[in-house]
Amino acid sequence: ILQVPPGPNGPVGTVWIALSKPTYGIHGTPEPSTIGKTQSHGCVRLTNWDAEELAGMVTPGVSVSFIE
């Protein structure tokens, strides 16, 4: 189990949206310059404000697909 410190300056920012694969999620970041770089544990990193907006649009159990 991966544990991260809570709070807006933690590595997952203000929002964590868990995916079905353990330790994978969509989350915010306090460092927007890190978005798009390969330095996570399989997550999708967004700005805190975008992650908060997305979290407000989805419900538990929603299906998520990643398309290249």
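A short reminder: the numbers here are calculations on the coordinates, not readings from a lab. In this text, all values refer to a predicted model and were calculated from it rather than measured experimentally. All Cβ positions, even for glycine, are placed from backbone atoms using ideal geometry, and neighbour counts span all protein chains on display.
For n ≥ 4 DSSP H runs only, could you compute -39500 (n - 2.57) per run for the chain, divide by its residues and tell me the 222 nm figure to the nearest 500?
Taken over the chain, the calculation gives -4500 deg cm²/dmol.
Placing dummy labels 7 Å off each Cα toward the beta-carbon, the span from Q39 to W16 is 2.0 nm. Label positions at Y24 and S65, each projected 7 Å from the Cα along the C-beta direction, are separated by 1.5 nm. Rounded to the nearest angstrom and listed largest first, the equivalent-ellipsoid semi-axes of the chain from its Cα gyration tensor are 17, 14, 13.
Backbone amide hydrogens, once placed in the peptide plane, bring T29 within less than 5 Å of T14, L46, N48, excluding anything fewer than 5 places away on its chain.
Extension gain, W49 to Q3: 0.36 nm times the residue separation minus the Cα-Cα distance gives 14.3 nm.
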